[in-house]
Amino acid sequence: MILIDGKKLSKKIEANIKTEVEELKANGVVPGLAVILVGDDPASHTYVSMKEKSCKNVGFYSIVHKMPDTISQQEIIETIEMMNNNPRIDGILVQLPLPKHIDTTKILEVIDPAKDVDGFHPYNMGRIVENLDAFAPCTPVGVMEMFKEYNIELEGKDVCVVGASNIVGKPMAALLLNANATVTVTHIYTKDLSSHTKKADIIIVGVGVPGLIKANMVKEGAIVIDIGINRLESGKLVGDVDFENVASKCSYITPVPGGVGPMTIAMLLQNTLKAAKGRTKWKTFYISYTIFQQVGLAQ
Ligand code: NAD
């Protein structure tokens with residue numbers, strides 16, 4: 001059994017990002033990330049401070065707009081619009097979940113798709129489904145990076161995705177399809193979950209149910225990727241897989257913590273860097289255009 005080390009891989013990716021940021025900075029571009037954090041959910045605050053710390057480590061400019069959970073939808077929209085128009089900001093992230101009175105879909109649709117580094121905007125989601133260049137959601141794209149790093153071939157493999165949310169399961173399934181895997185997506189209404197997982201070469205689970213995937217649901221030699229993050233009453237952090245009993249059956253498995261979690265943050269940084277590079281492209285185009293204008297070669 002090989003343990004897929006997301007912590008180590010994320011550190012390697014972040015080191016590469018740091019080097020690229022230094023090069024960008026030499027050209028006058030500092031990648032910028034704006035985070036919108038509504039309410040006082042402790043888990044959201046922890047995630048946001050981890051993201052802030054990672055931004056600092058790689059040399060990004062970052063700001064966090066903290067808002068009370070009594071804030072109106074319109075006020076959040078106005079803050080996003082301000083960030084859409086802020087040239088120092090390349091990426092905008094709205095920390096989910098939002099309070100009940102806020103329409104999350106509406107909020108996510110206000111983000112400029114070119115700054116949608118979480119990859120939740122329907123425009124980016126549509127492009128992912130069509131296998132076009134786009135910002136892909138950080139968690140599924142982090143899982144794809146793990147496959148790449150460990151030379152895990154996906155073409156023709158039977159993959160069972162457990163959980164079908166817009167931010168995890170659905171984009172995960174799309175990325176796997178694009179990599180020519182045969183994908184089965186299961187969810188809370190799936191009648192016999194283990195009949196699907198037992199057949200799979202690869203199981204990817206992100207549901208939020210501790211220990212859902214048990215040893216008798218996994219075939220010998222399978223690869224198991226655990227996206228779930230659950231805090232038990234004891235304070236212990238566990239995934240959706242009964243790791244103790246499943247691990248020995250697997251050829252590869254991710255731990256929780258130290259698996260997919262750190263990869264999600266690394267991919268957020270990667271997406272923000274990509275957005276900043278897009279900004280340089282436009283900047284180069286704009287400078288060239290201005291020079292051409294000055295010498296009379298453009299109107
Ligand atoms: P969600 O509640 O939006 O979606 C859960 C999905 O799981 C749904 O499709 C639901 O139908 C399915 N599901 C629930 N119970 C099930 C069951 N018993 N059997 C089969 N399917 C079931 O949750 P989400 O936002 O997609 O997050 C899922 C999990 O992934 C959570 O534990 C969350 O903390 C974790 N997560 C981790 C990361 C990371 O960086 N590792 C990122 C995002 C989410």
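Computed values, structure above
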{"quantity": "Filter pass, A275 being more than 16 Å from the ligand (Cβ to nearest atom), within 30 Å of E23 (Cα to Cα), surrounded by 16 or more Cβ atoms within 10 Å (Cβ to Cβ) and modelled with pLDDT of 95 or more", "calculated": "yes"}
{"quantity": "Some residue of the stretch 12-34 being within 27 Å of H101 (Cα to Cα) and under 19 Å from the mean Cα position of the chain (by Cα)", "calculated": "yes"}
{"quantity": "Some residue of the stretch 169-187 being touching a Gly at 6+ places or on another chain (Cβ under 6 Å), under 30 Å from N85 (Cα atoms) and either buried (at least 23 other Cβ atoms within 10 Å of the Cβ) or at pLDDT below 95 (or both)", "calculated": "no"}
{"quantity": "Selection count where residues are farther than 26 Å from E149 by Cα and either open to solvent by 40 Å² or more (accessible area, probe 1.4 Å) or in contact (Cβ under 8 Å) with a residue 24 or more places away in the chain (or both), scope the stretch 191-207", "calculated": "5"}
{"quantity": "Residues being over 12 Å from I76 (Cα atoms) and either buried (at least 16 other Cβ atoms within 10 Å of the Cβ) or basic (K, R) (or both) - total across the stretch 97-108", "calculated": "1"}
{"quantity": "Boolean, F120 is hydrophobic (A, V, I, L, M, F, W, C), buried (at least 20 other Cβ atoms within 10 Å of the Cβ) and assigned to a loop (DSSP other than H, G, I, E, B)", "calculated": "yes"}
{"quantity": "Any hit, the stretch 27-35, residues being out of contact with any helix residue (DSSP H, G or I) (no Cβ under 7 Å at 6 or more places or on another chain) and open to solvent by less than 50 Å² (accessible area, probe 1.4 Å)", "calculated": "yes"}
{"quantity": "Count of residues meeting criterion [assigned to a helix (DSSP H, G or I) and buried (at least 18 other Cβ atoms within 10 Å of the Cβ)] in the stretch 146-158", "calculated": "2"}
{"quantity": "Answer from V183, V162 - the residue that is among the aliphatic types (A, V, I, L, M), assigned by TED's automatic domain parsing to the domain that holds M144 and near the ligand (Cβ under 10 Å from one of its atoms)", "calculated": "V162"}
{"quantity": "In the stretch 226-271, the residues that are farther than 30 Å from K18 by Cβ and acidic (D, E)", "calculated": "E233, D240, D242, E244"}
{"quantity": "Single match in A114, A134 (criterion: open to solvent by less than 40 Å² (accessible area, probe 1.4 Å) and more than 11 Å from the ligand (Cβ to nearest atom))", "calculated": "A134"}
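So that you can scan it fast, the table gives a plain yes or no per residue for (1) farther than 17 Å from I265 by Cβ; (2) among the β-branched types (V, I, T); (3) out of contact with any Gly (no Cβ under 7 Å at 6 or more places or on another chain):
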{"residue": "T79", "(1), (2), (3)": "yes, yes, yes"}
{"residue": "L108", "(1), (2), (3)": "yes, no, yes"}
{"residue": "V117", "(1), (2), (3)": "no, yes, no"}
{"residue": "G126", "(1), (2), (3)": "yes, no, yes"}
{"residue": "V161", "(1), (2), (3)": "yes, yes, no"}
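Conditions (1) closer than 30 Å to N85 by Cβ; (2) touching a residue at least 40 places away in the same chain (Cβ under 8 Å), marked per residue:
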| residue | (1), (2) |
| --- | --- |
| I213 | no, yes |
| I223 | no, yes |
| I229 | no, no |
| L232 | no, no |
| V238 | no, no |
| Y252 | no, yes |
| N271 | yes, yes |
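The values are calculated or read from the model by the stated rules, or taken from the named source; none is laboratory data. This is a predicted model, so every value here is computed, not measured. Neighbour counts run over all protein chains shown; Cβ positions are idealised from the backbone, glycine included. These accessible areas exclude ligands, DNA and RNA; they are computed on the full protein's heavy atoms, side chains included. Shrake-Rupley method; radii C 1.70, N 1.55, O 1.52, S 1.80 Å.
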